[in-house]
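S.K.: My questions all concern the structure below.
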Amino acid sequence: MLLAELISVGTELLMGEIVDSNAAYLAQELKNRGVFIQWKTIVGDNLERIVEAITRASKRSDIVILGGGLGPTDDDLTREGIAAVIGETPVIDEAYLEKLKAFFTARGRSYPESNNKQAWVIPSSEALENPVGTAPGWFVRVPNSSTVIVAMPGPPREMNKMWAEQVLPRLNLPSSGFYHRTFRTFAIGESHIAERLAALTQSANPSVATYARRDGVHVRVAASAATLEEARALAQPVEAQVQAALEGHIYGYDDESLAAIVGHLLVKRGETIATCESLTGGLLADELTNVSGSSRYVQGGAITYSNEAKIKMGVKAQTIAEHGAVSRETVLEMAVAARTQFGATWGVSTTGVAGPDISEGKPVGTLFVGIAGPNGAEAYALPTAGDRRTIKERAALNALGQLWKQLTEQVKA
């Protein structure tokens, strides 16, 4: 079993100024290839601490991957750190230096001499091409060791491309004997899932784990074996048990989003959708249209944050006056209005209290979702919690979830 270690370099990561999305991406990439990450380190722009992190990692891991610290400035110290650990002195690769200068010339910019360090190499390294930036990576085979050290630039656009095109072919990873599948659920809490799967979550191989995510609870089944086929066969009986235990709550698998599943169902049925949003302020429409090909079924949407906008959309002024903007009655008329105004098969609406202040005497987290379809309209009270942004995002996903339930229930009927 190969062990990998990630080292993210940058004081801005330690200060919380940016999120370390590169580490999450690499963890997924390695996991999918049967390589297990045992350690992850974040280290600031300090040469002594970078050297310490690389030294420790190279003694206990087969693959050490560093992200960041490959820029041209004095505080970009990843190359210096690797060179110090290997005990080799960097020299300028003249061929790569010419490429760097050509990069600036092609863009009509003068070449700063500080960029020369980006053309450094050491005898044990190979320079990794960076077609979308100036910082090449390093692929280093540690002398007298089977350990490999990889250094890539921090910007995700550069790192992702370098990883796929330059690093993976050099790593020559063995065929993966690691299989995993994620079940995505709606309208069931993590504790309830844990109760239903209690007999399975104690197993080590296959393993069953639950993760609370923004779009519901994810249940991951994973298995390891000599080959991928053997791992898949080992996991299949457990997958069947998870499927049966969570029947009616599983909306998708692996990377399938709730919005994509709803879109697939609408296309399959030859139906369309429109939205009328108050609380969510366009997030529901954003979720729907963030799916490729959504123009086939999304007719349009309206953000009706004010009462006047709701009335112009088709909600009765009397309804708002009697029941309030945050009510079952209002959200129901909003859904009907969305369906009518845009000529859609389905109208979906949201209203509620995002906070931090209460509204109309209703507490923060009050949420109403309306769904109008071919067989009538329904309103749902779906209270939620969190800060303002969290409540808005959960409201949009709850609206999609309720529509998913209606679409799947009609299929069964």
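Bear in mind these aren't lab numbers, they're just calculated from the coordinates by the rules spelled out. Here the structure is a predicted model, which is why all the values come from computation and not from measurement. Methodologically, a virtual Cβ is constructed for each residue, glycine included, from the backbone with ideal geometry; neighbour enumeration extends over all protein chains shown.
S.K.: Quick one: pull the percentage of alpha-carbon pairs in segment 323-369 with a separation above 15 Å.
M.R.: That tail contains 45 percent of the Cα-Cα pairs.
S.K.: Binned at 10 Å from 0, what are the whole-percent values of the Cα-Cα distance distribution for the chain, short to long?
M.R.: Result, from short to long distances: 4, 18, 21, 19, 19, 13, 5, 1, 0 percent.
S.K.: Continuing with this model, one more query. For the pair Arg109/Arg328, report the inter-label distance in nm, with labels modelled 7 Å from Cα in the Cβ direction.
M.R.: 6.0 nm
S.K.: A follow-up question, please. Relative to a virtual label point 7 Å from the Cα of Ala209 in the Cα→beta-carbon direction, which members of segment 157-193 show backbone nitrogen distances below 14 Å?
M.R.: The answer is 179-183.
S.K.: Which residue, Ala84, Ala4, Ala106, has the largest displacement toward the positive end of the dipole of segment 1-113 when charges sit on each Cβ (Lys, Arg +1; Asp, Glu -1)?
M.R.: With unit charges placed on the Cβ atoms, the residue in question is Ala4.
S.K.: Return the loop-located trypsin sites (Lys or Arg not before Pro) in segment 73-109 (DSSP other than H, G, I, E, B) with at most 14 other Cβ atoms within 10 Å of their own Cβ; answer none if there are none. It would help to have the intermediate numbers written out before the result.
M.R.: Working: sites: Arg79, Lys99, Lys101, Arg107, Arg109; in loops: Arg107, Arg109.
Sites meeting the loop and neighbour criteria: Arg107, Arg109.
S.K.: Let me ask something additional. Run the reach check for Lys101 against lysines, Cα to Cα strictly under 24 Å, same-chain hits fewer than 8 apart removed. What comes back?
M.R.: Partners found: Lys117, Lys161.
S.K.: Taking the alpha-carbon centroid of each part, what is the distance from segment 253-278 to segment 97-121 in angstrom?
M.R.: One Cα centre to the other: 48 Å.
S.K.: Give me the one-decimal Kirkwood hydrodynamic radius in Å for segment 258-412, with the sum taken over alpha-carbon pairs.
M.R.: Computed over Cα pairs of segment 258-412, the Kirkwood hydrodynamic radius comes out at 15.0 Å.
S.K.: Continuing with this model, one more query. Give the cross-link partners of Lys312 among the aspartates and glutamates, using a straight C-alpha distance below 15 Å as the criterion and excluding same-chain residues fewer than 8 apart.
M.R.: By straight Cα distance, Lys312 reaches Glu277, Glu333.
S.K.: Mind checking the angle between helix 21-31 and the chain's longest principal axis? C-alpha axes, 0 to 90 degrees, to the nearest 10.
M.R.: So the helix axis and the longest Cα principal axis differ by about 80 degrees.
S.K.: Let me ask something else about it. More than 19 angstrom separation, counting every C-alpha pair in segment 3-171; what % is that?
M.R.: 53 percent
S.K.: Please compute the modelled spin-label separation between Glu126 and Tyr305, points set 7 Å along Cα→Cβ, answer in nm with one decimal.
M.R.: Simple spin-label model gives 5.4 nm for this pair.
S.K.: Test of understanding: what is the full-extension gain from Glu409 to Thr55, defined as 0.36 nm times their sequence separation minus their Cα-Cα distance? Display every interim value, and only then the final one.
M.R.: Details: separation 354, 0.36 × 354 = 127.44 nm, distance 5.74 nm.
Taking 0.36 nm per residue and subtracting the Cα distance, the gain is 121.7 nm.
S.K.: Another one. Expected output is a single nm value to one decimal: the length gained when fully extending between His192 and Glu256, i.e. 0.36 nm times separation in residues minus the C-alpha distance. What is it? Write out the running numbers ahead of the final one.
M.R.: On the way: separation 64, 0.36 × 64 = 23.04 nm, distance 2.24 nm.
Extending this stretch completely gives an extra 20.8 nm.
S.K.: Take the residue pairs Lys31/Lys405; Lys310/Lys405; Lys316/Lys392; Lys31/Lys59; Lys268/Lys310 and return only those whose Cα atoms are more than 28 Å apart.
M.R.: Details: Lys31/Lys405 32 Å; Lys310/Lys405 26 Å; Lys316/Lys392 24 Å; Lys31/Lys59 21 Å; Lys268/Lys310 31 Å.
Pairs exceeding the cut-off: Lys31/Lys405; Lys268/Lys310.
S.K.: Still on this structure, I have one more. Hey, fewest Cβ within 10 Å first, where do Ser146, Ser203 land in order?
M.R.: Lowest to highest Cβ neighbour count: Ser146, Ser203.
S.K.: Then there's this: At a Förster distance of 22 Å, what's the computed FRET efficiency of Val91 paired with Asn46, Cβ-Cβ distance as r, to 0.05?
M.R.: 0.35
S.K.: I need the peptides 325-338, 222-235 ranked by packing, meaning the mean over residues of other C-beta atoms within 10 angstrom, with the highest value on top.
M.R.: My ranking of the peptides, most packed first, is 325-338, 222-235.
S.K.: With point charges of +1 on the Cβ of Lys and Arg and -1 on the Cβ of Asp and Glu, referenced to the Cα centre of the chain, which listed residue (Ala377, Gln402, Leu47) lies farthest in the positive direction of the dipole?
M.R.: Ala377
S.K.: Obtain the nm distance between the two label points defined at Asn375 and Ala27 by a simple spin-label model: each point lies 7 Å from its Cα along the Cα-to-C-beta direction.
M.R.: Calculated label separation equals 4.2 nm.
S.K.: Just to be sure I follow: if Rg is taken over the C-alpha atoms of segment 160-265 and Rh is the Kirkwood radius over the same atoms, what is Rg/Rh?
M.R.: On the way: Rg = 15.9 Å, Rh = 15.2 Å.
Checking Rg against Rh, the ratio lands at 1.05.
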